[in-house]
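What follows is a single structure, written as structure tokens, with notes after it.
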């Protein structure tokens with residue numbers, strides 16, 4: 001609370017002629033609403049006992065906003081707000097957002113699925129988490145450009161094209177019309193698996209796939225759309241994008257402003273790599289163009305192969321250049337699997353040569369392996385990596401089993417919350433039955449908590465809560481509601497949505513305790529308590545929407 005921080009700074013200056021930046025924390029409820037260790041920070045500087053310093057400061061900061069100030073232990077200052085001040089904080093909570101990125105331009109890149117394949121679990125994860133983080137940026141005042149990058153050239157596309165052509169019995173684009181629309185994404189993925197398997201086990205197929213890889217680059221360079229090969233390629237790529245869009249709509253994630261496929265950024269990356277070679281940033285090695293990373297504490301990586309083709313690094317360099325060129329961002333956010341950490345370090349080091357300082361504006365988060373229960377290691381090349389559709393279907397089935405019916409709002413909310421409640425970075429196991437449970441920390445638990453609160457409000461008469469005196473249970477609920485802006489601010493500062501998840505779950509538990517001890521409808525304190533329920537429901541709704549989860553009034 002800024003007024004208390006200002007009061008502490010003023011008191012430190014007046015009493016000890018010291019400039020400090022007090023930090024307020026939230027102690028256990030029994031100790032008050034805020035706590036600070038400012039006295040222990042000051043004690044050494046002013047040559048006094050920290051408890052004596054704390055007592056002097058405590059006396060100075062008492063005001064109409066502060067109900068009580070106590071000193072605990074060696075010099076902790078505990079501050080209890082007046083009921084009126086706490087209520088004012090709670091009333092403002094749903095609409096109070098940090099403006100950390102006000103008027104800032106942010107590029108959020110996430111999802112990044114490859115054409116000719118369905119979204120697998122990793123891309124599914126970055127879709128949900130990236131969407132939530134983009135929402136956090138927007139809540140904090142940013143202008144967010146959501147962009148989507150993915151492979152549409154190179155070996156993955158070549159493998160899929162080999163499988164497609166083999167399945168069609170040759171380059172016969174007219175035969176694609178026989179594939180039902182709703183089966184196309186899966187059909188493409190199956191062809192990719194066939195191509196990947198052949199590439200790794202059959203020398204003849206490997207050579208054919210290498211030739212297809214060159215042909216794909218050629219149709220992009222010539223903008224060929226009429227040859228049979230090109231028709232198959234462009235049709236398959238469009239099927240992929242159509243499938244992605246359908247899935248994004250089902251998930252209720254924000255629309256992407258732009259796709260930046262590898263075919264668009266590869267030439268840019270190639271030009272930059274060639275320029276970097278001329279300027280000594282990259283070097284020739286056995287016919288390839290490489291970055292000698294060891295002298296920078298990094299790995300040596302290839303940017304252009306000995307056959308003159310761009311690698312992942314060159315494409316990523318072109319992508320980074322495109323984002324900077326087109327948006328001149330204040331912050332660039334990227335979330336990927338942790339298997340490309342070393343790649344990105346080299347890419348960003350190379351980018352720093354062209355645009356010094358831009359790397360400091362770039363945040364790259366990574367995540368670990370996503371597994372279903374039983375969790376053996378999975379591979380998209382072998383086709384046993386769970387796909388987005390598999391995860392959604394598992395949630396739908398678990399929801400039907402738990403409640404005898406399906407509700408997409410609940411099933412999708414369950415999946416989203418299950419992915420978002422974990423801190424970004426490590427491996428995670430997605431358990432469908434756990435995700436739809438109403439007995440624990442789940443999306444449906446919070447959705448039903450919100451619907452329950454709206455049901456109470458519909459039966460009660462919320463009134464003016466200004467100037468009310470609070471009993472113990474009421475005050476506990478109000479205190480927790482008032483913590484919402486801090487939870488959002490923490491999530492924004494760290495770009496970690498799980499802080500909001502943790503807060504909302506704790507808030508719902510606090511409300512349950514309140515409701516067990518405080519009748520609302522028909523009680524003499526109905527107006528006050530119904531007003532508190534309304535604010536509680538508004539905070540739940542706002543928090544769920546920040547996560548991209550619907551908060552229905554009825555379920």
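Can you tell me the length gained on complete extension of the stretch residue 355 to residue 448, counting 0.36 nm per residue apart and subtracting the Cα distance?
Stretched fully, the residue 355-residue 448 segment lengthens by 28.5 nm.
For residue 10 and residue 397, compute 0.36 nm times the residue count separating them, minus their Cα-Cα distance, and round to one decimal in nm.
133.4 nm
Under 14 Å from a label point 7 Å along Cα→Cβ of residue 241: give me every residue in region 147-167 with its amide N that close.
Answer for this model: 148-153.
Count the DSSP beta bridges whose two residues both fall in region 62-170, then state the antiparallel fraction as a percent rounded to the nearest 5.
55 percent
Relative contact order of region 19-177: what whole-number percent is it, with Cα pairs under 8 angstrom and at least 6 residues apart?
The normalised contact order for region 19-177 reaches 16 percent.
Express in whole angstrom the spacing between the alpha-carbon centres of region 251-292 and region 384-421.
Rounded to whole Å, the Cα centres lie 37 Å apart.
Grab the Cα-Cα distance for residue 513 and residue 181, subtract it from 0.36 nm times how many residues apart they are, and report the gain in nm with one decimal.
114.4 nm
Grab the DSSP H runs of the chain that are 4 residues or longer, score each as -39,500 (n - 2.57), total them, divide by all residues and round the 222 nm result to the nearest 500 deg cm²/dmol.
Computed mean residue ellipticity for the chain: -17500 deg cm²/dmol.
Modelling each spin label as a point 7 Å along the Cα-to-Cβ direction, I'd like the residue 249/residue 55 distance in nm, to one decimal.
Output for this residue pair reads 7.1 nm.
Got the relative contact order for the chain handy, in percent, Cα pairs under 8 Å and 6 or more residues apart?
Result for the chain is 15 percent.
Do you know the relative contact order of region 106-371, to the nearest whole percent, from alpha carbon pairs under 8 angstrom that are 6+ apart?
21 percent
Along the Cα→Cβ direction, 7 angstrom out, place labels at residue 298 and residue 553. What is the inter-label distance in nm?
About 5.4 nm, to one decimal.
For the pair residue 438 and residue 307, how long in nm is the line joining their label points, each one 7 Å along Cα→Cβ?
So the label points at residue 438 and residue 307 sit 5.8 nm apart.
How large is Rg over Rh for the chain, taking Rg from the Cα atoms and Rh as the Kirkwood inverse mean of 1/r across Cα pairs?
Taking Rg over the Kirkwood Rh, I get 1.06.
Taken together, the values in this text are just the output of simple stated rules run on the coordinates, not laboratory data. Quantities reported herein were computed from a predicted structural model and do not represent experimental measurements. Because the Cβ atoms are built from the backbone with ideal geometry, glycine has one as well, and the counts that use them run over all protein chains shown.
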